[in-house]
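Report on the structure given below.
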Amino acid sequence: MPIRILIADDHAVVRSGLRELLRADEDVEVVGEAADGAEAMRLVGTLQPDMVLLDITMPPDNGIETAKRLKEAYPDLLVLFLTIHEDEGLLHEALRAGASGYLIKRAEPAEILQAIRAASQGDIYVHPAMTRALLQQPIATEHRLGSPAEELTRREVDVLRLLAKGNTNRQIADLLGLSVRTVENHRANLLGKLGLSSRVELVSYAEEHDLV
């Protein structure tokens, strides 16, 4: 089954370009287009897409608020932001709103398709330009985490921080110079040491201990 997508952007030329890009991929189906947040809400209700490609600066409210309302009304809906804003604060707001990804509009077509596939598989995709900015933030030290996180290695803290900021295993591997298998092992160790059972719980734990 193709991934059913609604495009929501107030610029017709952007919607047209995305429609043509996605139409060429057999794994994706564009089911509709919206020019503002209110129309996006209405069309999601009638068309029931799997995912919304959503701009941030879109009337009448910004895309972050639209995403919050969409996720409240349709918890299983995937929201992928596509924006001109390379702003770390907006990235954090987007992830807190429940976004499955944050792309910037200078992304290559292949990156957009990669983000769509990652989100559809339950991952969170953040454009590499943004993940590099996140990596430059100071890393919280272990003593701030408290037990049982005192048992974490420095590398496990790195992986947890990047995971909480929305990076996929592949992105974490690239940023830290590790293999994907090694990142997966670190993730499994984190779950075991912290007594957690899912990615969502890891993200919540990181937020509670000031790693985001």
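The values are calculated or read from the model by the stated rules, or taken from the named source; none is laboratory data. Note that the coordinates shown come from a computational prediction; the quantities given were computed from them, not determined experimentally. Quick reminder, even Gly has a Cβ in these numbers, built from the backbone with ideal geometry, and neighbours come from all protein chains shown.
In table form, for the structure just shown:
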item	result
Residues satisfying the stated conditions in the range 41-56, i.e. out of contact with any Phe, Trp or Tyr (no Cβ under 7 Å at 6 or more places or on another chain) and over 18 Å from ILE112 (Cβ atoms)	MET41, ARG42, LEU43, GLY45, THR46, LEU47, GLN48
Count of the range 177-207 residues which are within 19 Å of the chain's Cα centre (by Cα) and either within 15 Å of LEU152 (Cβ to Cβ) or assigned to a helix (DSSP H, G or I) (or both)	13
Index of the failed condition, VAL79 passing every other in (1) among the β-branched types (Val, Ile, Thr); (2) at pLDDT below 90; (3) crowded, with 16+ Cβ neighbours inside 10 Å	(2)
Criterion violated by GLN48 - all others in (1) under 21 Å from the mean Cα position of the chain (by Cα); (2) under 20 Å from HIS85 (Cβ atoms) satisfied	(2)
Meets criteria (buried (at least 18 other Cβ atoms within 10 Å of the Cβ) and at pLDDT 85 or above) for ALA99	yes
